[in-house]
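For reference, the structure is listed below as C-alpha cells.
Read the figures in this text as sums done on the coordinates, not as results from a lab. Computed from a predicted structure; not experimentally measured. Don't worry about glycine lacking a Cβ; one is built from the backbone with ideal geometry, like all the others, and counts go over all protein chains shown.
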Amino acid sequence: MEKAPSLPQERYKMCNILCKPRNGWTVQSFCNANYSAICTQNWRLGHKQTKCVSPYAEFKEKVFLETATVVDSTVSTRGQESRPEVDSTTRSFCFKQCQTVLEREKEWRLEEVWDLCRNHLSM
C-alpha cells in the first residue's frame, strides 16, 4: 500500500465537510485544494482555525485541538455568485459513507482520506 502524502491535520470529519452544501466542497475540489494548500493558524475558543490558500480554492478550517481533527471546512466564495453544485461523486460519497450517526461522526485518518482522494486529484 502506498504511503499517504501529508495534510495539514491528522484527522478529518469527511461527512461533515463534504456533505453539508453550505461548505461548498466536492470530493474533487476538497482533494485538490487540501493536498496543495498552504495554511496559517490562529486559536479561538478551544479550536484552532486555519485559513488556507491553494491554486484551487481558498478555505477555512476549524480544528479541534485535542485530537487534531478538522471538524468543519468551508470554501471562501467571496466575489462569486453562488456555491458550486454538488456533483454525482460527492452525492454518491455522502449516500454510501454517511448514512448512520456513527458514520457521520467518524474521524477519517490520513490514509483513509488519501484512499478517497487519490483518484480525484488533477494532475
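For this structure, a couple of remarks:
- Of all residues making up region 42-59, the number that are assigned to a strand (DSSP E or B) and farther than 15 Å from Thr77 by Cβ: 7
- For region 1-41, filtering for residues that are in contact (Cβ under 8 Å) with a residue 60 or more places away in the chain, polar (S, T, N, Q) and outside any helix (DSSP H, G or I) leaves 3.
- Answer from Ser29, Ser92, Ser76, Ser6 - the residue that is surrounded by 12 or more Cβ atoms within 10 Å (Cβ to Cβ) and closer than 18 Å to Leu121 by Cβ: Ser29
- Among (1) farther than 17 Å from Ser6 by Cβ; (2) surrounded by fewer than 17 Cβ atoms within 10 Å (Cβ to Cβ) - the single one Glu111 does not satisfy: (1)
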